[in-house]
Amino acid sequence: IGTRPSVQRRGVARQLLAHHAELLARGGVRQLFLEVALSNVAAQALYVRSGFSEAGRRKGYYRRGEGAEDAIVMKRELRP
């Protein structure tokens, strides 16, 4: 989930995530997965507050110029 800098830290991403998780759960989805950059601590905190936990890592998932950054795979169980 990406938000414009002008609306960051105002709950917009949290609301978007909650809304879409609810829609997916109503549609029968039981698990939701996402990847987040290892360095993106703010996003990781948002996802943990939203019920996600770490499920694994993807080495070199994000290409950054000459290098690469790992991604944390996060998982959340959804309820109907």
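The values are calculated or read from the model by the stated rules, or taken from the named source; none is laboratory data. This is a predicted model, so every value here is computed, not measured. All Cβ positions, glycine included, derive from the backbone under ideal geometry; neighbour counts span all protein chains shown. Heavy atoms of the whole protein, side chains included, go into the accessibility calculation; ligands, DNA and RNA do not. Shrake-Rupley method; radii C 1.70, N 1.55, O 1.52, S 1.80 Å.
Of (1) 19, 16, 10; (2) 21, 14, 13; (3) 23, 17, 10, which is the value of semi-axes √(5λ) of the Cα gyration tensor in Å derived from the coordinates here?
Among (1) 19, 16, 10; (2) 21, 14, 13; (3) 23, 17, 10, the one derived from this structure is (3).
Roughly how many Å² of SER53 are accessible to a 1.4 Å probe, to the nearest 10?
60
Select from ARG14, ARG63, ARG49 the residue whose mean-square fluctuation is largest in a Gaussian network model of the chain (Cα-Cα springs shorter than 10 Å).
Answer for the Gaussian network model of the chain: ARG63.
At 7 Å along Cα-to-Cβ for each site, give me the label-to-label distance between VAL73 and GLN15 in nm.
My value for the distance between the label points is 3.3 nm.
Evaluate the relative contact order of the stretch 13-80 (contact order divided by residue number), counting alpha-carbon pairs under 8 angstrom at least 6 apart; express in whole percent.
On the way: 95 pairs, mean separation 27.9, N = 68.
Relative CO of the stretch 13-80 lands at 41 percent.
Ignoring ligands, DNA and RNA, what percent of the 1.4 Å accessible area of the chain is carbon and sulfur? Show your work: numbers first, answer last.
Details: 2870 of 5800 Å².
About 49 percent, which is the carbon plus sulfur part of the accessible surface.
What ³J(HN,Hα) values, in whole Hz, does the Karplus curve 6.51 cos²θ - 1.76 cosθ + 1.60 give for the stretch 54-67 when θ = phi - 60°, with x put for Gly and Pro?
Couplings: 5, 10, x, 9, 10, 5, x, 5, 9, 7, 10, x, 8, x Hz.
With a sphere of radius 9 Å drawn around the Cβ of TYR61, what net charge do the other residues whose Cβ falls strictly inside it have (Lys, Arg +1; Asp, Glu -1)?
Numbers: positive: ARG57, ARG58, LYS59, ARG63; negative: GLU35, GLU69, ASP70.
Here the charged neighbours net out to +1.
Please calculate how many Å² of accessible area the chain carries per residue, with a 1.4 Å probe and no DNA, RNA or ligand atoms counted. Write down the numbers at each step before the final one.
Working: 5800 Å² over 80 residues.
On a per-residue basis, the chain sits at 73 Å².
Dipole magnitude of the chain about its Cα centre, charges +1 at Lys/Arg Cβ and -1 at Asp/Glu Cβ only, in debye to the nearest 20?
Details: 15 positive and 7 negative charges, 44 e Å.
It works out to roughly 200 debye.
Under the rule of at least 5 residues apart or a separate chain, name every residue whose amide H is placed under 5 Å from the amide H of PHE52.
none
I need the phi-derived Karplus couplings for the stretch 16-29: 6.51 cos²θ - 1.76 cosθ + 1.60, θ = phi - 60°, integer Hz, Gly and Pro marked x.
Residue by residue, the stretch 16-29 yields 4, 5, 4, 4, 6, 4, 5, 4, 5, 4, 4, x, x, 6 Hz.
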